[in-house]
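The values are calculated or read from the model by the stated rules, or taken from the named source; none is laboratory data. Everything numeric in this text was worked out from a predicted model, so none of it was measured. Cβ coordinates were reconstructed from backbone atoms using ideal geometry, including for glycine residues, and neighbour counts include every protein chain displayed.
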Amino acid sequence: MWWRSASFILDRQQHQNRTVAPSPESFLLSSPPPMADSPLNPKSNISAYYQTRAAHHAVVTTDWLAQAQAAVGRHSDDDGSLGGDKGAARIGGGGGGEEEGSGKAFSVIDEFNSWRKQPALAEAVAAIRALAAVIRTSGAATMMELEIELKKASDSLKSWDTTSISLTAGCDLFMLYVTRTSALEYEDFNSAKSRLIERAEKFGEISCKARRIIAMLSQDFFFDGCTILVHGFSRVVLEVLKTAAENKKHFRVLCTEGRPDRTGLRFSNELAKLDVPVKLLIDSAVAYTMDEVDVVLFGADGVVESGGIINMMGTFQIALVAHSMNKPVYVAAESYKFARHYPLDQKDMSPARRPIDFGVPIPSKVEVETSARDYTPPQYLTLLFTDLGVLTPSVISDELIQLYL
Amino acid sequence: MNPNPNIDFSHLCFLLFLQKSTKFFERQLSMDARRMSRAVPRVRQVGFFTPNTPAQQPQPQSAAPSSESPPLSDSPASNSLSPVMIPPPRHLSDNLGGRTAAVPVPGREISGELPTVGSYNPSESVLWLDSPPRSRIGDEELSEGAESSLGWYRRSDSAKFASSLPSGGFNLSTAKHPESVAAVEAKNPLPEQSEVQKEQASSSKPLKAKTTKAERRALQESQRAAKAASRAEANKSGTPGGAPSSKPMKQPPQKKDGPPVASSIAASERIGVDRSVEKERKKDLPPPRKQFDDESRGGRAKRRSVLNQPEARNRVELFRHLPPHKNGTQLPSLESKFFELHEKHPAVYKVGLQYLAGDLSGGNARCIAMLQAFQEAIRDYSTPPEKTLTRDLTSKIGGFVSFLIECRPLSMSMGNAIRFLKSRIARLPLTLSESEAKTTLCSDIDRFINEKIVLADKVILRHAATKIRDGDVLLTYGSSCVVEMILLYAHELGKQFRVVVVDSHPMLEGQKLLRRLVVKGLSCTYTQLNAISYVMHKVTRVFLGASSIFSNGTVYSTVGTASVAMVAHAFRVPVLVCCEAYKFHERVQLDSICFNELGDPDAISKVPGRVDVNYLDNLTDKQKENLELLNLKYDATPSDYISVIVTDYGMIPPTSVPVIVREYRKEYLLI
């Protein structure tokens, strides 16, 4: 069952075209419409996605604590009340009939941001939750209206942070999952809407469970006494290793430092809590230690159609080293990170910037490479652990084709 | 008979055989197993030359090295000469190809008596490199008499494909005969030695396989010669084996030695003989297996009335299974037949002639033209009495298709379109009236053209344009209409990029593309395929078109595409293949040999507009027989060299082609 746990695939089989099944090109070709009036990410030259990740997973700072507390506090609130602080913020483009019901302005962005504050919650899942809230609060009277509204909401979410692949992918998948259902046809609007909400909740649940599934699936690949190299902070990887430790496996973890966020430090912290022997490396020591590594394990920010992954800067380089030393490279990634992108090379992605602190002032003439992520082509990956199963890179595209066509 | 020089000599023989055997390793590999298995048991039974064998057998030095039988090399040869007409050259022939026969056989026999197992024993095979086939021949002759000759023919048939190539090699060696004659007589065959030394190094390892190959080659020679002799005994006085010996016993040596002897006599004569032999062999070949299956071959006879098959030319052996190119010379006669009464609908006929003349090229254009012609044919169609539309129209279309195939082999895309049309016809509800059925079909065809070609192209160019950035240098090869559209579209979008158009010789299609691009104001560079590695390092993207994509991701496209893709891969430049999904095919193809299309062979021997480049003109017929021109139209690019395939379903890696094929089939059967 687990390998089809994201039931959108099942739904697709009985798919029918009544719902506005978005034509393939509308997803790929038309880059998200410019949406002049949507609330844009304030610091557009800095990737919000990596800001969040840094906030959540970098070495704990007081700042982070404050944020986390704020997030928890907000989370307890009802979603309706959240709209208040950015009252003027509207749902993207529409200004449509979304807030008639509550009489209050409801912003999907705010909703999303409130979910996003939870460190354990993936951004895509936050988006999914936010979109579910859109359905719940929607005052639309017809199915079509609701769908348009949903589309606008997801578009505004996507344009809020174009650098986040999982956000885009999560929104797209949610739209597919929610709107492509046979149940919508025969029922009256209210029951259809409740069905939609149900499905939205279910999808959120599935996404939440994904990590657990992946952790279970991947256990066979780690044997006693193996040495695992990890890079960056990935919640899936942490879950995988945690499960392995719970299963009384004996293994050792090498953690890269993960400059500039130093996410590796935090990751090693987490592992140390589990009593897993862990060793920290600076990022440049990867090749040096590779011969004692048995398995390389990455998370992923996004899994692209070629079967490659987009992940924190440094991943590609580690994969290259591992490949040249014939070490298996595994990637743990939830299926909501599958995105319809096809980068041809490193520069063929929308840039995601991240400020880097070198500790000393950098002369203004010196340029700094601030890109936060890189693309690892599929030929350097061995397997991907996903909640759809353990897949080879080439299957990713097959799954995506089946999903989107 | 004194051992020392002979040992040298036998060594040489050994080396020579090694060398020969290496030559055609791959080609003959497949035949290896069969032969070996057959050869083994017989080898032991009987020697090669009956007269010699007794003499050799007594030779008691059964120790393997000593049994290299130095004396034999000389003596048996000369002995065996007696049946043959011309002793001195025969000597020679022994040294080269024919020599194998004499030398090893006795040794083989001895070894056969030893505990070693036939020719399968590697060490043995090292020693007696060439023996098995030879001895087999002899034995066959001896024991099986008349039957053996049958076997021969049969085998020679099977050997034919591989054999012509070896013959080339043989000719080369024989060309050296005059010197080698003297050399051999002096027991110090220098030229051979040098030859040997040259190739010696490479030939050291797979001895066993090689021996068999050498043997096989020798066998082929002998068989060919034998056939020639038996067939052309009467008229060919030049053939040394000409003495028509009816006894199978004597025949084999003659046959075997025939060609070499002739060669040694006089090179030119020999060539002539050999050639004629070869020609004959070609003639009695079963007609080469065609690319298209029996169904189409069945109709071949019929069609031949419309279009004459071009005469069998000297064609490259590896590609003989492909239908020969039909050049436009028949065009006038066919044009004159346009108004005659025949089965073909005029629209189809016209398209066929356009294919033949080369006026229509490009997968999409050809496919659309064909579909539109079918559409017209369907409009003008009326079901004959007592026939059903479904059946009759299908066969009618089949007739058209086979006519078109005759004009030019179909591309995969056309095959897919035809399959679509036939499935539509087959699925017509029986309740439809004829006119309704016809309009349904016509609209189906229209929809196919629109959805699968026109719209698909639009989608593709929008996908592909996302991969073009400002400042890019795009390289394209040949003239692909999709790529052209992509470039123009990106230009319209205001992207700043440069285009490198790479072209290659016989077709020079790139110039057409170049002209259209330059007219539209794109900045272009034009170069030939030869210079590809020089331009590649500046290139940031390679856009290629494709004639078809197979389900293993192999891209089947204009010849030269593979080299472009490989060079791009070597330079780490992403290669984008743009191809509509209707061109995908579920076949798996690994090379470009099995299925391909032959172009006009003369096109590559001439350079249009260069009168001074005439090196290949004015060859005599005899000289031309040494010349095999190969003008291939397509090649297969392995999927490793492809970064992405841009189709109407988005950008997919080559590994996902089967998914599209699967989904797509479903869909277009459902349309």
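Is it the case that the stretch B:641-649 has a residue that's in a loop (DSSP other than H, G, I, E, B), within 14 Å of chain A (Cβ to nearest Cβ) and of a type in the set (Val, Ile, Thr)? Break it down into steps so the answer makes sense when it comes.
Step one: list which residues in the stretch B:641-649 are in a loop (DSSP other than H, G, I, E, B), which gives B:642-643, B:648-649.
Then drop every residue that is not within 14 Å of chain A (Cβ to nearest Cβ), which leaves B:642-643, B:648-649.
From what's left, of a type in the set (Val, Ile, Thr): B:642.
For the stretch B:641-649, residues in a loop (DSSP other than H, G, I, E, B), within 14 Å of chain A (Cβ to nearest Cβ) and of a type in the set (Val, Ile, Thr): present.
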- Note on the structure: Within the stretch A:330-355, residues being touching a residue at least 40 places away in the same chain (Cβ under 8 Å), within 14 Å of chain B (Cβ to nearest Cβ) and closer than 19 Å to A:Leu173 by Cα number 4
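For B:Glu625, are the conditions met, namely being within 13 Å of chain A (Cβ to nearest Cβ) and in contact with a helix residue (DSSP H, G or I) (Cβ under 8 Å, 6 or more places away or on another chain)? Spell out how you get there, then give the answer.
Working: within 13 Å of chain A (Cβ to nearest Cβ): no; in contact with a helix residue (DSSP H, G or I) (Cβ under 8 Å, 6 or more places away or on another chain): yes.
No; evaluated as a whole, the condition is false for this residue.
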- Out of A:Asn247, A:Asn190, which single residue is polar (S, T, N, Q), at pLDDT below 90 and more than 24 Å from A:Pro119 (Cβ to Cβ)? A:Asn190
- Message: With the requirement that a residue be under 14 Å from B:Leu629 (Cα atoms) and at pLDDT below 70, what does the stretch B:310-346 give you?
- Response: B:Ala312, B:Arg313, B:Asn314
- Just wondering, is there one or more residues in the stretch B:655-669 that are in contact (Cβ under 8 Å) with a residue 60 or more places away in the chain and away from chain A (no Cβ under 14 Å)? yes
- Going through the stretch A:144-156 in order, the residues found to be free of Cβ contacts under 8 Å to residues at least 60 places away in the same chain and within 14 Å of A:Ser194 (Cα to Cα) are A:Leu146
- Query: What single numbered condition from (1) part of a strand (DSSP E or B); (2) among the charged types (D, E, K, R); (3) at positive phi fails to hold for A:Asp275?
  - Reply: (1)
- Query: Within the stretch A:284-297, can one find any residue that is assigned by the TED database to the domain that holds A:Pro377 and either under 22 Å from the mean Cα position of the chain (by Cα) or buried (at least 24 other Cβ atoms within 10 Å of the Cβ) (or both)?
  - Reply: yes
- Taking the stretch A:356-380 on its own, how many of its residues are free of Cβ contacts under 8 Å to residues at least 60 places away in the same chain and touching a helix residue (DSSP H, G or I) at 6+ places or on another chain (Cβ under 8 Å)? 1
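This table checks each residue for (1) under 20 Å from A:Phe174 (Cα atoms); (2) assigned by the TED database to the domain that holds A:Arg266; (3) assigned to a helix (DSSP H, G or I).
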site: A:Leu196; (1), (2), (3): yes, no, yes
site: A:Arg199; (1), (2), (3): yes, no, yes
site: A:Lys202; (1), (2), (3): yes, no, yes
site: A:Leu217; (1), (2), (3): no, no, yes
site: A:Leu229; (1), (2), (3): no, yes, no
site: A:Gly232; (1), (2), (3): no, yes, no
- Task: Search the stretch B:462-503 for residues being in contact (Cβ under 8 Å) with a residue 60 or more places away in the chain and part of a strand (DSSP E or B), and hand back the single one that is farthest from the other protein chains (Cβ to nearest Cβ).
- Result: B:Val502
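Looking at the stretch B:477-525 only, could you name the residues that are more than 17 Å from B:Val535 (Cα to Cα) and basic (Lys, Arg)? Before the answer, list the steps.
Applying the first criterion (more than 17 Å from B:Val535 (Cα to Cα)) to the stretch B:477-525 yields B:479-496, B:505-509, B:511-513, B:515-522.
B:Lys495, B:Lys512, B:Arg515, B:Arg516, B:Lys520 - these are the residues of the stretch B:477-525 that are more than 17 Å from B:Val535 (Cα to Cα) and basic (Lys, Arg).
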- Task: Pick out the one residue from B:Asn614, B:Asn631 that is more than 29 Å from B:Arg424 (Cα to Cα), more than 14 Å from chain A (Cβ to nearest Cβ) and touching a helix residue (DSSP H, G or I) at 6+ places or on another chain (Cβ under 8 Å).
- Result: B:Asn631
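Just for the stretch A:333-367: of the residues that are hydroxyl-bearing (Ser, Thr, Tyr) and out of contact with any Leu (no Cβ under 7 Å at 6 or more places or on another chain), which one is surrounded by the fewest Cβ atoms within 10 Å (Cβ to Cβ)? Walk me through how you get there before you give the answer.
Initially, the stretch A:333-367 is screened for residues hydroxyl-bearing (Ser, Thr, Tyr), giving A:335-336, A:342, A:350, A:364.
Retained after the next criterion (residues that are out of contact with any Leu (no Cβ under 7 Å at 6 or more places or on another chain)): A:342, A:350, A:364.
Values: A:Tyr342: 26, A:Ser350: 13, A:Ser364: 6.
Filtering the stretch A:333-367 for residues that are hydroxyl-bearing (Ser, Thr, Tyr) and out of contact with any Leu (no Cβ under 7 Å at 6 or more places or on another chain), the one surrounded by the fewest Cβ atoms within 10 Å (Cβ to Cβ) comes out as A:Ser364.
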- Query: Counting only residues that are outside any helix (DSSP H, G or I) and within 14 Å of chain B (Cβ to nearest Cβ), which one in the stretch A:300-329 is surrounded by the most Cβ atoms within 10 Å (Cβ to Cβ)?
  - Reply: A:Val303
- Residues that are outside any loop (DSSP other than H, G, I, E, B) and over 19 Å from the mean Cα position of the chain (by Cα), drawn from the stretch B:581-604: B:Ala581, B:Tyr582, B:Lys583, B:Phe584, B:His585
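Yes/no per residue for (1) at pLDDT 90 or above; (2) of a type outside the set (Gly, Ala, Ser); (3) surrounded by fewer than 18 Cβ atoms within 10 Å (Cβ to Cβ):
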{"position": "A:Phe221", "(1), (2), (3)": "yes, yes, no"}
{"position": "A:Cys226", "(1), (2), (3)": "yes, yes, yes"}
{"position": "A:Leu229", "(1), (2), (3)": "yes, yes, no"}
{"position": "A:Leu238", "(1), (2), (3)": "yes, yes, no"}
{"position": "A:Gly258", "(1), (2), (3)": "no, no, no"}
{"position": "A:Asp261", "(1), (2), (3)": "no, yes, no"}
{"position": "A:Ala272", "(1), (2), (3)": "yes, no, yes"}
- Note on the structure: Counting only residues that are within 18 Å of A:Asn311 (Cβ to Cβ) and either touching a Phe, Trp or Tyr at 6+ places or on another chain (Cβ under 6 Å) or β-branched (Val, Ile, Thr) (or both), the stretch A:267-285 contains a total of 1
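Using the structure shown, decide if B:Leu590 is in contact with a strand residue (DSSP E or B) (Cβ under 8 Å, 6 or more places away or on another chain), at pLDDT 95 or above, in the same structural domain as B:Thr637 (by the TED database) and not hydroxyl-bearing (Ser, Thr, Tyr). Spell out how you get there, then give the answer.
On the way: in contact with a strand residue (DSSP E or B) (Cβ under 8 Å, 6 or more places away or on another chain): yes; at pLDDT 95 or above: no; in the same structural domain as B:Thr637 (by the TED database): yes; not hydroxyl-bearing (Ser, Thr, Tyr): yes.
Answer is no for this residue.
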- Task: Kindly provide the set of residues from the stretch B:373-389 that are surrounded by fewer than 16 Cβ atoms within 10 Å (Cβ to Cβ) and assigned to a helix (DSSP H, G or I), ordered by number.
- Result: B:Arg379
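May I ask you to say which residue of B:Pro608, B:Pro601 is away from chain A (no Cβ under 14 Å), closer than 25 Å to B:Arg408 by Cβ and buried (at least 16 other Cβ atoms within 10 Å of the Cβ)?
B:Pro601
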